[in-house]
1. Normalised by the number of residues in segment 12-74, what is the relative contact order in percent for Cα pairs under 8 Å and 6+ residues apart?
2. What does the charge count near Ile64 come to, summing +1 for each Lys or Arg and -1 for each Asp or Glu among other residues with Cβ under 10 Å from its Cβ?
3. Using the per-residue mean of other Cβ atoms lying within 10 Å as a proxy for protection, in what order, highest first, do the peptides 15-22, 69-76 fall?
4. For a quick protection proxy, order the peptides 48-58, 28-38 by their average other-Cβ count within 10 Å, most packed first.
5. If you add up the charges near Ala16, with Lys and Arg at +1 and Asp and Glu at -1, over every other residue whose beta carbon is less than 9 angstrom from its beta carbon, what do you get?
Amino acid sequence: MERRPGVLVGRTATVARSDQEPPYYTALHRTFVGRTGCVHAVVPSGTRDNPLIKMGFDGGTRIIFYHLSELKIDSEAPLVSPPKHGRRGSHLP
């Protein structure tokens, strides 16, 4: 895994292709492999080094979760503000 940039939310990231796909992958995860999206949130999970990342695709209308190690973060691209969903700013209505 590459060294993590200081700020992840708002960064552009591409889902990396891998010979060994994680066991939790579904057909939906596979659909977005190789595609670029925007980091919407970092979800604390088991390990601090490899958190779950909420990724937005298709202008934020498709939300898929990946682990940080499965993404290539573009630290050179300018930060963007991911769209908020619902009143609470979550993906829930």
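1. Relative contact order for segment 12-74 comes out at 36 percent.
2. Numbers: positive: Arg35, Lys54, Arg62; negative: none.
Neighbourhood net charge equals +3.
3. Values: 15-22: 10.9, 69-76: 16.0.
With the highest mean Cβ count within 10 Å placed first, the list reads 69-76, 15-22.
4. Details: 48-58: 16.5, 28-38: 15.0.
So the order, starting with the most tightly packed, is 48-58, 28-38.
5. Values: positive: Arg17, Lys72; negative: Glu70.
Net local charge, Ala16 excluded: +1.
Bear in mind that the values in this text are calculations on the coordinates, not laboratory data. Only a predicted model underlies this, so the values are computations on that prediction, with no experimental measurement involved. Every residue, glycine as well, gets a Cβ built from its backbone with ideal geometry; the counts of neighbours run over all protein chains shown.
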